[in-house]
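Note sheet for the following structure.
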Amino acid sequence: MRLHALVDDLDAARVAVEGGATVVQWRLKDLPTLEIVERGRATRSLCARHGVTFIVNDDVEAALMLGADGVHLGRGDAGAERAREHGLLLGRSAASLDEAEAAAAHGDYIGAGPVWATPSKTDADPPIGLDGLREICAAVSTPVVAIGGIDVTNAAVCIEAGAAGVAVIRAARDAAELRAAIDAAL
């Protein structure tokens, strides 16, 4: 759970895995399930060879077809019951304490944020900041993964605020430096 690298291509996944990512989340937005599966096979194989958890973003059917370890579902995404029926690790998103408490009842981990403003998600909620992250981490027993505006300069403070790990999109290629910062904060 320490370092989730959200990627949309094999090269970024390879760099993240080699740098110490513990989870690779296959994040291809607005594509049909079969295209997500076709484009994800090599990344799934890479993760399996390296013992890295492979999670598919938003699409339970693609996760099942790829033999993924899990699926991450946003607040409005359907499929949690189907994911559970098939034994998939289930991540849920939360942008507030209330949402985190609801997600904790149905997920194996919570992606909390955005902690800071992020250009990676144009429709992101307002940032919760470190205080919001700290509040969520203190209130739930489910592991919390901080997301949103996280990079090498601020990953450690997320861990110090109680997060079990961080998730990155733009900084996925900086996995080695991120992993060192996270490990130093633990």
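The values are calculated or read from the model by the stated rules, or taken from the named source; none is laboratory data. Not measured: the values here are computed from a predicted model. Note: ideal-geometry Cβ built from the backbone for every residue, glycine included; neighbour counts use all protein chains shown. Areas reflect the complete protein model, heavy atoms only, side chains present, ligands, DNA and RNA absent. Shrake-Rupley method; radii C 1.70, N 1.55, O 1.52, S 1.80 Å.
When the Karplus curve 6.51 cos²θ - 1.76 cosθ + 1.60 is applied with θ = phi - 60°, which whole-Hz ³J(HN,Hα) does each residue of region 170-186 get, with x for Gly and Pro?
3J(HN,Hα) across region 170-186, in whole Hz: 4, 8, 4, 6, 9, 4, 4, 5, 4, 4, 4, 5, 5, 4, 5, 7, 8.
Looking at the square roots a ≥ b ≥ c of the eigenvalues of the Cα gyration tensor of region 69-162, which shape do they give, rounded for a/c under 1.5, prolate if a/b is larger than b/c, or oblate?
On the way: a/c = 1.86, a/b = 1.55, b/c = 1.20.
Prolate, because a/c is 1.5 or more and a/b exceeds b/c.
Once you sort the root eigenvalues of the Cα gyration tensor of the chain as a ≥ b ≥ c, which label holds: rounded (a/c under 1.5), prolate (a/b larger than b/c) or oblate (the other case)? Spell out each step's value before the answer.
On the way: a/c = 1.64, a/b = 1.19, b/c = 1.38.
Judged from the Cα gyration tensor, the chain comes out oblate (a/c at least 1.5, b/c at or above a/b).
Please turn the phi angles of region 63-71 into ³J(HN,Hα) values with the Karplus equation 6.51 cos²θ - 1.76 cosθ + 1.60 (θ = phi - 60°), one per residue in order, whole Hz, x for glycine and proline.
4, 5, 5, 8, x, 5, 6, x, 9
Below 8 Å, C-alpha to C-alpha, sequence gap of six or more: please give me the relative contact order for the chain in percent. Present the calculation step by step, with values, prior to reporting the outcome.
Values: 415 pairs, mean separation 41.1, N = 186.
RCO, the chain: 22 percent.
What part of the accessible area of the chain, given as a whole %, is carbon or sulfur when the probe is 1.4 angstrom? Each step should come with its number before you reach the end.
Working: 4010 of 8220 Å².
Answer for the chain is 49 percent, counting heavy atoms of protein chains only.
Per residue of the chain, what 222 nm ellipticity follows from adding -39500 (n - 2.57) for every DSSP H run with n ≥ 4, rounded to the nearest 500? Provide the component values of the computation, followed by the final result.
Numbers: 8 runs with 76 residues, N = 186.
Using -39500 (n - 2.57) per qualifying helix, the result is -12000 deg cm²/dmol.
Tell me the per residue accessible area of the chain using a 1.4 Å probe; a whole number in Å² is fine. Don't skip to the end; give the middle numbers.
Numbers: 8220 Å² over 186 residues.
Ligands and nucleic acids excluded, the result is 44 Å² per residue.
Between region 152-186 and region 111-126, what's the alpha-carbon centroid distance in Å?
Result: 16 Å between the Cα centres.
Exactly which trypsin sites (Lys or Arg not before Pro) in region 1-103 are in a DSSP loop and have at most 10 other Cβ atoms within 10 Å?
Details: sites: R2, R14, R27, K29, R39, R41, R44, R49, R75, R82, R84, R92; in loops: R2, R27, K29, R75.
When the trypsin sites (Lys or Arg not before Pro) of region 1-103 are filtered for loop state and at most 10 Cβ neighbours within 10 Å, K29 remain.
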